Each structure stands twice: as C-alpha cells, then as structure tokens.
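*Asks:* Below: one structure in structure tokens.
The values are calculated or read from the model by the stated rules, or taken from the named source; none is laboratory data. The structure displayed is predicted, hence computed values, not measured ones. A quick note on method: Cβ atoms are made from the backbone with ideal geometry, for glycine too, and the neighbour counts reach across all protein chains shown.
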Amino acid sequence: MVRHHDDLIEEAPASRELFDRAQRVLVGGVNSPVRSFRGVGGTPRFIVRGHGATLEDADGHRYIDFVMSWGALILGHAHASVVRAVQDAAERGTSYGAPTEAEVALAERISRDLPSIERMRFVNSGTEATMSAIRVARAFTRRRKIVVFEGGYHGHADPFLVRAGSGVAAAGLARSEGVPPGALEDTLVATYNDGDGVAEIFRRNRNEIAAVVVEPVAGNMGVVPPLDDFLSTLRDITTEHDSLLIFDEVITGYRVARHGAQGLYRIDPDLTCLGKIIGGGLPAAVYGGREDAMSLVAPLGPVYQAGTLAGNPLAMAAGLATIHELADSAYSRLESISARFERDMRDAAAAAGVPIQTNRVGSMFGVFFSAAPVRSYADVKAYDADGYRRLFASLLARGVYFPPAPYESLFVSLAHDAESLRHTADALAESFAHLGRGPWR
Ligand code: PMP
C-alpha cells in the first residue's frame, strides 16, 4: 500500500509526543540539527533500541538503518564485543582524568594502520580534532590562512563555518551568525576536485597558507569521490609551498579501508583527523601526524589543547573492540554488501525510469536525483533534493531509515545481512515505482 508522506506523522504518535516534549526543553527538540527531519519533513523518530542493522523507535517500528550513527557504527548497533568491552571498562570506572593503557593501545593501533600519524592526541569530537589540527598547522608554519572546500564539513569551529556542507547546507546557511568576521578572514574557500583552482589560490596568497584541509572523499555533500589526481595535486602544491596537508578522515578513517583514504589513494598527509569509527559509537576523535608538527602541542610545546574526558576509557574500549573486528576480510565483506545495495538501488530506479546517480567508495554511498554524473559541489547543488525527500519518506514508511537530510552519506555496516538487504531492495523497488509515477521534477 502506498501511503502519503503526510500520513506518516500520524503513524508515529509516541515519537510525536516525545518531540513535543523535546521542543519545550531542547533547542529544536534535538541535539544536532540534521536529526530534526527539517531537511525532509515529518517527525524525527525517537529511538529506543538498535541491534545489528536495525533501529527500533518509540512506536515499536523497526527500520533497516543506513545512517549508522552518521558513520560511527561500522559493525552495526550493539555489537556483542563492543558492548562487552564497554561494560568491562565501565565496571573499572568511567573516567579517571589520568592516563590508561587503553589510550596507548588504541594509539599504537592507529599509528600502525595509518603510519603518517606518528604522534597523536585524543579528543572527544571531530570538531575538536579539526579545530586543533589547524591550530598546530598555524603554529608550525607560522602562517594564518587555511584552504577549505565548498560543501565540505569539518565540524562547527568558527573558521570552518563558511559555505560548508552537511547540516549547514541543508539549513541553507552560507555562514553562521555568531562567528566574528575575523574568525573567517583567514579561511579561503576552494572548489572540491579543482586542483587548478587551489594552485591559483596559492599563487595569490604566497607564503600565507598554513594548511589545506580536505575530506579525501567528500562525504558531507552526499558522496563525491576525488578525481584521479586531485589529492596528489593537493599533496604537491602544499609540499611546494611549505604548507601542511590535513586529511579530515573523520568519516573515511577505517571506513573506506583499514588504512583510511590515505591508504586507499596512497597519499601521506601531514596531519590527519579521525573520529566516528575510532570511538566505536562512543565520543572519541583524534588528531595527529608528523612528529615535528605534533611536538608543538602541550605539554611538549606552546600550542595549548586539553580535555577532561579526552581518551575516555569507555570510548577507548569501544574503539579498540571495533577496530579489532576490522580485519581485511571485513572490508571485502563490506564491499560486497555495499555493492549489492548499490546494485539494488540502481535496479529499482532504472525499473521505474527514475534517473539517479550513485557515488560509492566502499561502504559510504551517495544517491542523487540527477541524470548527469555528480563530480563537484556544483553538480550536487543542481540535483533535485525534492526527489530525495520523497524517497526518504517512502522508505521510512517501508521500514528503511535513510539520512533525514539531503546532503549526507549513507553508510552500510557489517551487520547488513542478506535479509536486511532483501527487505531494503523490496522497499526501494516499491518506493521508486511510487516516485516514478509522481509529479516530481
Ligand atoms: N569532519 C567530518 C568529515 C565530519 O563528517 C564531521 C561530522 N559529521 C566532523 C568533522 C565533525 O565531527 P563531530 O560531529 O564529531 O564534531
């Protein structure tokens, strides 16, 4: 049965009631804007439980989840070894504000998997990681300017809130109020996948650019993979100009490969930011890289950065347990699961005569309602976000939970088994058939 989008609001009375309560005490009823469903319409589902590939909401509806805590959960929800590791750690105390072996073990693991990270510091969020990485780059180079890419997202620190992607784009904000113009004065905005444009920016700002900050696979404008020589061009330009290359691998780290995007594309950045997967669903992130640059951070050097809960034992335990499960065979399994999901999506759209583009790097996945390939942020902006909204609503009604915002990546996990993919394929076929008949642009 095809249900109209507006009916769905009435089908989630418990979520509706919780959302009403939430809006009286939480800003917009949520603790992160993209959760609010504003980008797609309807009531955000309040989640009571996650297991494997499945989410259950307050009304008892179950969904196959393709958000996976925005990429943090590569093993799926409540993976037994992660749960056990967190329980064991909690029994020994939730935080000490003193060093633990788990921090060392996770750092050693990360440094082995991503050898460009010689020294690192754990923080609690991707926002802190990128904010701290540019502080290091500025101190190391004694320069102020940074280059970022339109439609990229590096968290919500002041210098990054200009023409950003993700929730910033979904909210239609070119920048954020409350950020003083001075904080953005040294942010130069380039075009993703346009190496010549970056070279031109360097020519015009000689000896002034501390770093280029880039998502090696753009994941906050949907998914846009790097064109063939884009990352190597960035590597060459930054080396030539004595600037640092910072890879924001908060999404791609341990996602696109065990060695991250830097391993996949064989580019060594000077600094790297990781988050999401390294915390196994608990709050943890890290920044690190060249020893000479990282040695500037306190207590060794004059760059100050600290954190009460940094390297939290529960988060370290969850991260270690997660990465422990990620042998090479896990990535080949993830690849075949993700390839099947992509094929099902394309088949469903083709059968309904709906033109879509899919961009996929391993288990991160973007879908665009567009007849032309999507290789840049300009291509992303040209696509029909209304089509995505309708697909989202239709899938939600059929028990499939896609990101409730149009400029996000979908994530597949190791818990997406044959049954959940079959359910998803059926839901996709019905949804696209429904969309295909509709008066969409
Ligand atoms: N960098 C990237 C590439 C991200 O995708 C995100 C969040 N989605 C961040 C940084 C910020 O991380 P957090 O939300 O943990 O602050």
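*Asks:* Mind counting the residues in the stretch 199-222 that are β-branched (V, I, T), crowded, with 24+ Cβ neighbours inside 10 Å and either within 15 Å of the ligand (Cβ to nearest atom) or in a helix (DSSP H, G or I) (or both)? Reasoning before the result, please.
*Replies:* Within the stretch 199-222, the first condition is being β-branched (V, I, T), and the residues that meet it are 201, 209, 212-214, 217.
From what is left, the residues that are crowded, with 24+ Cβ neighbours inside 10 Å are 209, 212-214, 217.
Filter again for either within 15 Å of the ligand (Cβ to nearest atom) or in a helix (DSSP H, G or I) (or both), leaving 212-214, 217.
Going through the stretch 199-222 one residue at a time, the tally reaches 4.
*Asks:* Here is a further query. Could you tell me whether S338 is at pLDDT 95 or above, closer than 22 Å to T54 by Cα, touching a Phe, Trp or Tyr at 6+ places or on another chain (Cβ under 8 Å) and among the small types (G, A, S)?
*Replies:* Details: at pLDDT 95 or above: yes; closer than 22 Å to T54 by Cα: yes; touching a Phe, Trp or Tyr at 6+ places or on another chain (Cβ under 8 Å): yes; among the small types (G, A, S): yes.
Yes; evaluated as a whole, the condition is true for this residue.
*Asks:* Ok, one more. Would you check if D20 is touching a residue at least 40 places away in the same chain (Cβ under 8 Å), assigned to a helix (DSSP H, G or I) and exposed (fewer than 14 other Cβ atoms within 10 Å of the Cβ)?
*Replies:* On the way: touching a residue at least 40 places away in the same chain (Cβ under 8 Å): no; assigned to a helix (DSSP H, G or I): yes; exposed (fewer than 14 other Cβ atoms within 10 Å of the Cβ): yes.
No, not satisfied.
*Asks:* So if I check each of D65, D57, which one is more than 17 Å from G281 (Cβ to Cβ) and crowded, with 16+ Cβ neighbours inside 10 Å? First the steps, then the outcome.
*Replies:* Numbers: D65 fails: more than 17 Å from G281 (Cβ to Cβ).
The unique qualifying residue is D57.
*Asks:* Output yes when any residue across the stretch 73-93 is within 16 Å of the ligand (Cβ to nearest atom) and surrounded by 20 or more Cβ atoms within 10 Å (Cβ to Cβ), and no when none is. Quick ask: steps written out before the conclusion?
*Replies:* Going through the stretch 73-93, the residues within 16 Å of the ligand (Cβ to nearest atom) turn out to be 73-74.
From what's left, surrounded by 20 or more Cβ atoms within 10 Å (Cβ to Cβ): 73-74.
Yes - at least one qualifying residue is present in the stretch 73-93.
*Asks:* Would you pick out the residues in the stretch 372-386 that are at pLDDT below 90 and small (G, A, S)?
*Replies:* First, the residues of the stretch 372-386 that are at pLDDT below 90: 381-386.
Result: A382, A385.
*Asks:* Of all residues in the stretch 160-199, which are among the basic types (K, R) and on the phi > 0 side of the Ramachandran plot? Break it down stepwise before answering.
*Replies:* Step one: of the stretch 160-199, the residues among the basic types (K, R) are 163, 175.
If the condition is that a residue be among the basic types (K, R) and on the phi > 0 side of the Ramachandran plot, then R163 is the only one that fits.
*Asks:* Tell me, please, whether a residue that is under 30 Å from V82 (Cα atoms) and part of a strand (DSSP E or B) can be found in the stretch 332-353.
*Replies:* No, the stretch 332-353 has no match at all.
*Asks:* OK, next. Checking I277 against (1) within 29 Å of Q357 (Cα to Cα); (2) outside any helix (DSSP H, G or I); (3) of a type outside the set (K, R), which single condition isn't satisfied?
*Replies:* I277 satisfies all of (1) within 29 Å of Q357 (Cα to Cα); (2) outside any helix (DSSP H, G or I); (3) of a type outside the set (K, R) except (2).
*Asks:* Can you tell me which residues in the stretch 151-174 are among the small types (G, A, S), within 11 Å of the ligand (Cβ to nearest atom) and closer than 22 Å to G28 by Cβ? Break it down stepwise before answering.
*Replies:* The initial filter retains those residues of the stretch 151-174 that are among the small types (G, A, S), namely 151-152, 155, 157, 164-167, 169-172, 174.
Retained after the next criterion (residues that are within 11 Å of the ligand (Cβ to nearest atom)): 152, 155, 157, 164-167.
Residues satisfying the conditions are G155, A157, A164, G165, S166, G167.
*Asks:* Residues of the stretch 280-325 being part of a loop (DSSP other than H, G, I, E, B) and crowded, with 24+ Cβ neighbours inside 10 Å, which ones? Step through it out loud before you land on a result.
*Replies:* First, the residues of the stretch 280-325 that are part of a loop (DSSP other than H, G, I, E, B): 280-284, 290, 295-296, 298-302, 304-312, 325.
Hits for the stretch 280-325 are G280, G281, A284, G311, N312.
*Asks:* Only one of S132, S116, S176, S125 is closer than 30 Å to G41 by Cβ, hydroxyl-bearing (S, T, Y) and at pLDDT 95 or above; which? Please lay out each step first, then the result.
*Replies:* Details: S132 fails: closer than 30 Å to G41 by Cβ; S116 fails: closer than 30 Å to G41 by Cβ; S176 fails: at pLDDT 95 or above.
Of the residues listed, the single one that is closer than 30 Å to G41 by Cβ, hydroxyl-bearing (S, T, Y) and at pLDDT 95 or above is S125.
*Asks:* Could you list, in sequence order, all residues of the stretch 252-274 that are within 13 Å of the ligand (Cβ to nearest atom), in a loop (DSSP other than H, G, I, E, B) and of a type in the set (V, I, T)?
*Replies:* Listed by number, the residues that qualify are T252, V256.
*Asks:* Being within 16 Å of the ligand (Cβ to nearest atom) and assigned by TED's automatic domain parsing to the domain that holds S295 narrows it down to one residue among V104, V148; which is it? Give the derivation first.
*Replies:* Numbers: V104 fails: within 16 Å of the ligand (Cβ to nearest atom).
Sole residue among the options that is within 16 Å of the ligand (Cβ to nearest atom) and assigned by TED's automatic domain parsing to the domain that holds S295: V148.
*Asks:* Within the stretch 391-418, which residues are outside any loop (DSSP other than H, G, I, E, B), more than 13 Å from the chain's Cα centre (by Cα) and not aliphatic (A, V, I, L, M)?
*Replies:* The first filter runs over the stretch 391-418 and keeps only residues outside any loop (DSSP other than H, G, I, E, B), leaving 391-397, 400-401, 410-411, 418.
Still in the list and also more than 13 Å from the chain's Cα centre (by Cα): 391-397, 400-401, 418.
Result: F392, S394, Y401.
*Asks:* Could you list all residues from the stretch 336-375 that are more than 29 Å from G195 (Cα to Cα), hydroxyl-bearing (S, T, Y) and touching a Pro at 6+ places or on another chain (Cβ under 8 Å)?
*Replies:* Matches in the stretch 336-375: none.
*Asks:* Let me ask you something else. If I ask for residues that are among the polar types (S, T, N, Q) and either part of a helix (DSSP H, G or I) or within 16 Å of the ligand (Cβ to nearest atom) (or both), which ones from the stretch 228-251 would you list? Steps first, please.
*Replies:* Step one: of the stretch 228-251, the residues among the polar types (S, T, N, Q) are 232-233, 238-239, 243.
Residues satisfying the conditions are S232, T233, T238, T239.
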